[in-house]
Amino acid sequence: TMTGANLTETAMQRMYFSCITEDSELLKESLEYMFDPIKYVEDEGFQVDGCFFQHGHQLYIGGYGEVLLETVLQTAVAVRGTQYSLPEGKKKILREYVLGSWSNVIRGEVMHWNALGRQLTRPDFLRYPERRIPIIKNMIAVDEEYAGEYSYIFGRLQGELTADAYITPQHIHFFRGDYTLHIKEGYTFSVRLTSTRTALQERANGENNKGYNLSFGTTCVTSHGKEYYDLMPFWDWHKIPGVTAATDYLAEGFSGYGCSTFAGGVSDSIYGCTAFRYDDNFKETGTGASKGYFFFDDEVVCLGAGIHSTHDNVQTTVNSCWGKDEFYIGSDYSYQAKSGDIENYDASKLRWILHDGIGYFFPETQKVVVENKEKTGNWYWCSTQQEDKEIQGKLFTLGIEHSSPVTDAKYSYIVIPNSTTASMLEYAAKGNIDILANSDSVQVVHHKQKYIYECIFYRPCTYKGDIEIYSQQPCALIIKKLGNVYHIHIADPSQSRTNMTVGIKDGGMGTMIQKSGVTDYGI
């Protein structure tokens, strides 16, 4: 009656028992159960978009997805060259998962914390070489034809190759899992959403007790890979990267699925945008917003509008990661270094902040606050399975505070990885990005050099500027102009429509040109 990784773990014990007792029928049966989950399903297991579900429709690329890889591959190696060998069709599914999904959420040696479940509150789980290195070794043994590609992953996991070695730039939105992955040679940026279709990042067995906010538009940005490694005991769990939430309330006893019906993204395979109509009414939470994420080569634009809450103290957390001894704050023309313990520093009049090679640019005046200080942490605070022991570490937290009463607030910031003080000054001067609209109806971002418009329509409406863009339905949209031709990619984050209609009018057009077409959730 089990599914996914739970089934394969049980099948492995039956397989061992069949060998000990020399029971060939039990061996055959156990191997059938072992390999049966290697297929695309609607419930728990491998999904057609490349992600993995366990414990309901809960994203589990790491954790349970790895348990299944571990048990299946151990078995596949053991039965190579026998009548029980792993069938080619199932081998292909494993290959696509390992190369296209699992390895992509690992930067260098460390997995993105929003790609798994409650296990992020276990020490060393984000790295976990004892499990991940054998997985790759076994894939090399089972799928020798692709040994070269697996060897690059092996080198990164071992620390023998740099985190950006042999990385293929790509943009993926897992429409089944409500998860976005933006991969460049210099960085990886992920977004985890939740909707009425997907479960919250779980708490169970005393683990992840404070993780209520982990599914509401969390962002994880890594370059060297260790930015968040074993950081969780130090987090203020009200202030999770990417999330807009009350700082004086944290829901407990959470479980189940999200409240949003509008959560999803569109991709052209290199660029993309992700939309999230955040609407959370669990217990006393009472907070919501229209949150958009817009992905390009060198930067990721993050917008929020229509922010409202029943709480007076609300913050959008830009990032919360390991702190370095020094960081930089800058204007359009100059900068200065900050060191020592910095607490609640008001950076509202500044244009940018640079920390650990990642730049944060603020296009407009906002209540920006930054901390970089030594903190006391304890694994037990977020997981009662861990030792109750206080530890020390330095935490960097950057956020945008929203003034009370929070009724129609907004934010905007641009994350620019692989930055220096010189490049941040240059970025402030040249301005590649125009934020054309940021409301709870529509968000439009224009990359001027690439002539790309990325748009999120939260309701049917028209954006009017140098270009007019109309959508008859809520959608996520990419518009690229090549010569006189517009190339359009469109998706329906509500996953409720099969036909979409959009219109475009620029300065050279007499009338708006409308086009209708079929969408398939961003594929």
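The values are calculated or read from the model by the stated rules, or taken from the named source; none is laboratory data. This is a predicted model, so every value here is computed, not measured. All Cβ positions, glycine included, derive from the backbone under ideal geometry; neighbour counts span all protein chains shown. The area values use the complete protein model at the heavy-atom level, side chains included, leaving out ligands, DNA and RNA. Shrake-Rupley method; radii C 1.70, N 1.55, O 1.52, S 1.80 Å.
Between the Cα long axis of helix 24-35 and the first principal axis of the chain there is an angle of about 10°, rounded to the nearest 10.
At R0 = 35 Å, how high is the FRET efficiency between Lys448 and Ser516 if r is their beta carbon distance? Nearest 0.05 is fine. Walk me through the intermediate numbers first.
Numbers: r = 29 Å, r/R0 = 0.83.
Between Lys448 and Ser516 the formula returns 0.75.
Taking the full set of protein chains and a 1.4 angstrom probe, give the accessible area of Ser24 in square angstrom, rounded to the nearest 10. In the full protein context, Ser24 sits at about 70 Å².
Enumerate by residue number the trypsin sites (Lys or Arg not before Pro) in the range 284-357 meeting two conditions: DSSP loop (anything except H, G, I, E, B), and at most 14 other Cβ atoms within 10 Å of the site's Cβ. Kindly include the intermediate steps, with their values, before the conclusion.
Numbers: sites: Lys291, Lys324, Lys338, Lys349, Arg351; in loops: Lys324, Lys349, Arg351.
Taking the range 284-357 and a limit of 14 other Cβ atoms within 10 Å, the loop trypsin sites (Lys or Arg not before Pro) found are Lys324, Lys349.
Per-residue SASA remark: Glu32, around 110 Å² accessible (1.4 Å probe; ligands, DNA and RNA not included).
Amide hydrogen proximity for Phe296: with H placed 1.01 Å from N in the peptide plane, the residues at 5 or more positions away or on another chain lying under 5 Å are Val301.
Give me the extension gain from Gln392 to Ala141: residue separation times 0.36 nm, minus the current Cα-Cα distance, reported in nm with one decimal. Numbers along the way, then the final one.
Numbers: separation 251, 0.36 × 251 = 90.36 nm, distance 4.21 nm.
Between Gln392 and Ala141, full extension yields an extra 86.2 nm.
Quick one: check the C-alpha center-to-center distance for the range 319-337 versus the range 397-431, whole angstrom. Going from one Cα centre to the other spans 12 Å. Assuming R0 = 45 Å, can you tell me the calculated FRET efficiency for the pair Asp408 and Ala78, based on Cβ-Cβ distance, to the nearest 0.05? Plugging the Cβ-Cβ distance into 1/(1 + (r/R0)^6) gives 0.15.
For the range 299-403, compute the orientation-averaged projected area of the C-alpha convex hull (one quarter of its surface), in nm². Please report the intermediate quantities before stating the final value.
On the way: hull surface 34.4 nm².
It is 8.6 nm².
Relative to the longest principal axis of the Cα atoms of the chain, the long axis of helix 129-142 lies at roughly 70 degrees.
May I ask for the net charge around Leu214, where only other residues with Cβ less than 14 Å from the Cβ of Leu214 are counted and Lys, Arg are +1 while Asp, Glu are -1? Net charge in that neighbourhood comes out at -1.
Modelled label positions at Gln472 and Ala429, each set 7 Å beyond Cα in the direction of Cβ, lie 4.8 nm from each other. Each label was represented as a point 7 Å from its Cα along the Cα-to-Cβ direction; for Thr376 and Leu482 these points are 6.0 nm apart.
The calculated FRET efficiency for the pair Tyr257 and Tyr333, based on their C-beta separation and a Förster distance of 51 Å, comes to about 0.55. Only protein heavy atoms count here; under a 1.4 Å probe, Lys450 has an accessible surface of about 80 Å².
List the pairs from Lys184/Lys324; Lys91/Lys226; Lys291/Lys324; Lys324/Lys480 whose alpha-carbon separation is above 27 Å, in the order I gave them.
Violating the 27 Å Cα-Cα cut-off are Lys91/Lys226; Lys291/Lys324; Lys324/Lys480.
Protein heavy-atom surface of the chain, 1.4 angstrom probe: 47% of the accessible area is carbon and sulfur, with nucleic acids and ligands not counted. Applying 0.36 nm per residue to the separation of Lys39 and Thr10 and subtracting their alpha-carbon distance, the gain on full extension is 8.6 nm.
For the range 144-282, the Kirkwood estimate of the hydrodynamic radius, built from every pair of different alpha carbons, is 16.8 Å. Could you give the angle, 0 to 90 degrees to the nearest 10, between helix 64-78's Cα long axis and the longest principal axis of the Cα atoms of the chain? Helix 64-78 sits roughly 30 degrees off the main axis of the chain. Note down the Stokes-Einstein diffusion coefficient of the range 425-486 in µm²/s, whole number, using a Kirkwood radius over alpha carbon pairs, 37 °C, and 0.692 mPa s. Estimated via Stokes-Einstein, D reaches 265 µm²/s. Can you work out the base-10 log of I(q)/I(0) for the range 95-215 at q = 0.10, 0.18 1/Å, using the Debye formula on its C-alpha atoms alone? Normalising to I(0) and taking log10 leaves -0.33, -1.02.
Under Stokes-Einstein, with the Kirkwood radius over Cα pairs standing in for Rh, what whole-number D in µm²/s applies to the range 44-100 at 20 °C and 1.002 mPa s?
Numbers: Rh = 12.0 Å.
For the chosen part, D equals 179 µm²/s.
When the GluC sites (Glu not before Pro) in the range 280-388 are filtered for DSSP coil states and for at most 15 other beta-carbon atoms within 10 Å of their beta-carbon, the remaining sites are Glu284, Glu364, Glu387. Of the GluC sites (Glu not before Pro) found in the range 156-204, those in coil by DSSP whose Cβ has at most 10 other Cβ atoms within 10 Å are Glu160. The residues of the range 206-342 expose on average 31 square angstrom of accessible surface per residue, using a 1.4 Å probe on protein heavy atoms.
Counted residue by residue at 0.36 nm each, then reduced by the alpha carbon distance between them, the extension gain from Gln158 to Asn499 reaches 118.1 nm.
Among Met2, Met424, the sequence by solvent-accessible area, most first, with a 1.4 Å probe is Met2, Met424.
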